[in-house]
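Notes follow the structure.
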Amino acid sequence: MWADFHALRLTTLVVLGGPQALAQVTAQPDSLRVVLVQGQDANPSVSLTNASTAAVAFCLDFDRPLQRTDGPAFGAGCGSPGELLAIFDSGDLGNGWLPYGITMTPDGRLFVAEWAGGQRTYELTDDFMFVRRFFHPFVSELAPFPRTSGVTYHAASGMLWWTNAEESAGALYRVLLLEGTLDGVATGRRIRLPIPPTGPPPTNSGYPNGASYDPAAGRFYYVDAQNNTLWAIDTTGTVPDGYPMTLDAYPGAHYVGNVVDAFGGAEGGVQGVRLELPVGVVLDNIFDRVTVTDATGRDLGYDETPLAEVIALNNGTASVLGAARSRLDPNGVLYVTYWTPGPAGVAAVRPVPLGPSWLALSAWSGTVPAGGSADITLTFSAGQRAPGEYRSTLVVEDTLGAVLASAALTLVVEADTPAEPGTAGGSASMSVAPNPSSGELTIIVTLELPGPARVALHDLLGREVALVRDGPLGAGRHVLLVDARALPPGVYIAALRAADFAVHRRLTVTR
């Protein structure tokens, strides 16, 4: 693991408001290149130096300056609050509706599910042309008035899944995920979502809201809005270890609404999953923005303000219910469903741009003292991304959005190699044959010491496409078989994790 630091002093002169002060801010280095083997991290820093006689408040960004805020009261932001692109509301329909869940297919079809009443889903084009509405699957076996709090697209099957909550007189009896076609025809598949109990059924403290399927992890994500917890569940109804996770990024705030994976760009894979959660201040009961977390609920520092300030309907009062990144332009368009005291609808907003999924920052804003400096620690994570170069640019702005400095960032990921034999923890090796393959693959794993082992296949985006083995293996040679005919033609990475070892082999599937 090594890093190259190419420092060219970059100077930007900015005249700040108030008493006239000349701010001279430099970023050192202004070009940072980090080379990592798969599975490794690095923590270099970028130092911001202020040569002026006045302190300079700054914010960090990756593309264009839009608003980002901090703290339980969502403090002062950086830049403008965003840009409203379009609205589709009840006036466009000629009748009232209660939009809640929202999802988009890879080819740009928007599906918006109503919250209650008609159990209908509306299809729109990506530029808000009305296509049709249809009844979606619902169940009312345990309570007479089901309501829908989410819809998501399942890429592998080409199906939609709706969140169906059976409740009566404020008591929640059961919540199901229901599968159906893009025309709303129920397939009969169901997944029951856990409800944290506080007493004999049907009393409970939780209310599963929303649903979003992430194909990289093979999981649905949803939120318990009562307990501020993030849940995950797979298609067999199993909750992965570690879930639910507490969403504590904003003490005193309240999470509500849909959860949407944003993938994090072409380099994403499992580590790149972003979840978008509508959020607001509890006392106001207005959910006026969307926050972005990773798959564990860890706050990534992005707040978007797509409604109260941007749309400014009904004196700026609007509540966000669901959110979906455009699959055609993930960093350019965010779709949100919203309610107001008057109309309800869907808005297309230009959001805060996401940073690269392989990078985390120690802070998103701060102050550089007069004649002093401030350090920002960057965490580069190779994870199991495909070997290659990944690039981004860190932009330093003042609180009005003017650019002060920038730093070009490059992550170079190199393939892992087999562990050398004779280390303290034994050794591990793996071979794949035939390679290329159009039929059955043979993966041979050899361990010097017994222990848990995980063997999986990943595509070049880092997404797990097949789990071959996950469990204990004895010392010695083990033969694992994989039917490559079940995989689309292309290049894959076979990954072995055993004790402290990570071994990767590139393979090609042909037809």
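Need at least 2 residues that are of a type in the set (Gly, Ala, Ser) and outside the structural domain of VAL465 (by TED's automatic domain parsing) per element, so show me which strands (runs of 3 or more DSSP E) inside region 120-222 make the cut, counting only ones lying wholly within it.
Because the criterion is at least 2 residues that are of a type in the set (Gly, Ala, Ser) and outside the structural domain of VAL465 (by TED's automatic domain parsing), the strands (runs of 3 or more DSSP E) in region 120-222 that meet it are 145-154, 159-168, 171-180, 186-192, 208-214.
Go through region 352-399 and give me each residue that's closer than 17 Å to LEU48 by Cβ, in contact with a Gly (Cβ under 7 Å, 6 or more places away or on another chain) and outside any strand (DSSP E or B).
Result: TRP364, single match.
Within region 108-122, take every residue that is surrounded by fewer than 21 Cβ atoms within 10 Å (Cβ to Cβ) and in contact (Cβ under 8 Å) with a residue 40 or more places away in the chain and give me the one that is farthest from GLU167 (Cα to Cα).
Ranking the candidates gives GLY108 first.
Just checking, which of ASP41, ASP107 is closer than 30 Å to LEU182 by Cβ, modelled with pLDDT of 75 or more and under 21 Å from the mean Cα position of the chain (by Cα)?
Result of the check over ASP41, ASP107: ASP107.
Looking at region 148-168, is at least one residue of a type in the set (Phe, Trp, Tyr), out of contact with any Phe, Trp or Tyr (no Cβ under 8 Å at 6 or more places or on another chain) and at pLDDT 80 or above? Talk me through it step by step, then tell me what you get.
Just the residues of region 148-168 that are of a type in the set (Phe, Trp, Tyr), to begin with: 153, 161-162.
Next, from what is left, pick out any that are out of contact with any Phe, Trp or Tyr (no Cβ under 8 Å at 6 or more places or on another chain): none.
Scanning region 148-168, I find no residue that is of a type in the set (Phe, Trp, Tyr), out of contact with any Phe, Trp or Tyr (no Cβ under 8 Å at 6 or more places or on another chain) and at pLDDT 80 or above, so the answer is no.
Suppose we filter ALA419, ALA466, ALA415, ALA424 for residues that are modelled with pLDDT under 80 and under 27 Å from PRO489 (Cβ atoms); which single one remains?
Result of the check over ALA419, ALA466, ALA415, ALA424: ALA415.
Which one of VAL395, VAL368 is surrounded by 22 or more Cβ atoms within 10 Å (Cβ to Cβ), in contact with a strand residue (DSSP E or B) (Cβ under 9 Å, 6 or more places away or on another chain) and not small (Gly, Ala, Ser)?
Only one candidate passes the filter, namely VAL368.
Which condition from (1) assigned to a strand (DSSP E or B); (2) modelled with pLDDT of 65 or more is the one that ASP4 breaks?
Answer for ASP4: the failing condition is (2).
The values are calculated or read from the model by the stated rules, or taken from the named source; none is laboratory data. In this text the structure is predicted, and so the values were computed from the model without any measurement. Reconstructed Cβ throughout: ideal geometry from the backbone, glycine too, with neighbour counts over all protein chains shown.
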